[in-house]
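Take a look at the structure set out below.
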Amino acid sequence: MLDAGRTQDTLLEVNNIEVIYNHVILVLKGVSLNVPKGGITALLGGNGAGKTTTLKAISNLLHSERGEVTKGSILYRGERVQDLNPADLVKKGVIQVMEGRHCFEHLTVEENLLTGAYTRPDKGAIAADLEMVYTYFPRLKERRKSQAGYTSGGEQQMTAIGRALMSRPETILLDEPSMGLAPQLVEQIFEIVKSVNENEGVTFLLAEQNTNVALRYAHYGYILESGRIVMDGPAADLRENPDVKEFYLGMADEGRKSFRDVRSYRRRKRWLS
Ligand SMILES: Nc1ncnc2c1ncn2[C@@H]1O[C@H](COP(=O)(O)OP(=O)(O)OP(=O)(O)O)[C@@H](O)[C@H]1O
Ligand SMILES: [Mg+2]
């Protein structure tokens, strides 16, 4: 039996989760989302909206931050995963690329990529996968002997994504890939995400402040504000939505503080008219 709202091709399902830091700070207030197999799903929202917290809740990385999921459930292929440790989740095919493109700075680019394969039993295929990563990121092949700490921000982001690919994941949770990168590089990274999605069938859940670029590459989007999903829909619809245009695509009026303010303002107006 499938749960209500869950379709056959749902891979990851977050149901009404609440996250609290340090026992008192309520950050996620009932977040629900579905990630279908083979899609690119975007989790959008401004600074501090709760995007990283949502991804960390999924991959069980909250404990080291003194955070915990206090309500709701997280299912992967219909199975509860919120009590697994991150390594077990990787074995199930879910890997997170952390915000801020964490690399092992003292290792070379290639050594960084190889660390991504450590959970795999089929060591024989690793060389072929390294080549696969290099076809998506030719720049990393050129830089493979360089110490990661001395490569550019864009190259480090590529290394972080490449390392995730080396675990042959079914799903990648990608946190803020555009952070701190020049627009042209951001575009290049999203193009690669798109081709990995199309050619390798990898499912993506990506957190982004950059709504514009994310909605051009994602199939579906969720907008998070102050720990709540305020809107969701197919990316093409969100791109055309007047509220989204106004608030997230750079056409905002001064003076209105949040997306929710505008929505309730519109709702009030409708009730009054
Ligand atoms: N370890 C922590 N302890 C207490 N509060 C935290 C902790 N980590 C995050 N928060 C708070 O939780 C809220 C959500 O933060 P989060 O990092 O999830 O947002 P975000 O959407 O990823 O933001 P950004 O776009 O800036 O990365 C913020 O108010 C933040 O201050
Ligand atoms: Mg974040």
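The values are calculated or read from the model by the stated rules, or taken from the named source; none is laboratory data. As the structure is a computational prediction, the values presented were derived from the model and not from experiment. Here the Cβ is made from the backbone with ideal geometry for all residues, glycine too, and neighbour counts use every protein chain on show. When the accessible area is computed, the model is the full protein with side chains, heavy atoms only, and any ligands, DNA or RNA have been set aside. Shrake-Rupley method; radii C 1.70, N 1.55, O 1.52, S 1.80 Å.
Between rounded, prolate and oblate, where does the chain land on the alpha carbon gyration tensor, with a ≥ b ≥ c its root eigenvalues, rounded for a/c under 1.5, else prolate if a/b exceeds b/c? Verdict is prolate for the chain. For region 171-245, the solvent-accessible area of protein heavy atoms averages 38 Å² per residue (probe radius 1.4 Å; ligands and nucleic acids excluded). Membrane-span-like helices in the chain (whole DSSP H runs, Cα extent of at least 15 Å along the helix axis, mean Kyte-Doolittle hydropathy of at least 1.0): none found. How far apart, in nm, are two points set 7 Å out from the Cα along the Cα-to-Cβ line at ASP9 and at LYS123? Calculated label separation equals 3.8 nm.
Cα centroids of region 177-196 and region 119-175: 15 Å apart. Positive contributions from Lys and Arg (+1) and negative ones from Asp and Glu (-1), summed over other residues with Cβ under 13 Å from the Cβ of LEU238, come out at -3. Checked against a 20 Å cut-off, the cross-linked pairs LYS51/LYS91; LYS51/LYS71; LYS29/LYS71; LYS56/LYS91; LYS91/LYS123; LYS37/LYS91 give Cα-Cα distances beyond that limit for LYS51/LYS91. Only protein heavy atoms count here; on that basis, with a 1.4 Å probe, LYS29 has an accessible area of about 70 Å².
In this label model, GLU65 and ASN16 are separated by 2.4 nm, measuring between points 7 Å along each Cα→Cβ vector. Distances between placed amide hydrogens fall under 5 Å for GLU225 paired with VAL230, all partners being 5 or more residues away or on another chain. Within region 117-179, the trypsin sites (Lys or Arg not before Pro) that combine a DSSP coil assignment with at most 13 other C-beta atoms in a 10 angstrom radius are LYS145. Heavy-atom accessible surface of region 1-154, averaged per residue, reaches 50 Å², computed with a 1.4 Å probe.
Solvent-accessible area assigned to carbon and sulfur over the chain amounts to 50 percent, based on a 1.4 Å probe.
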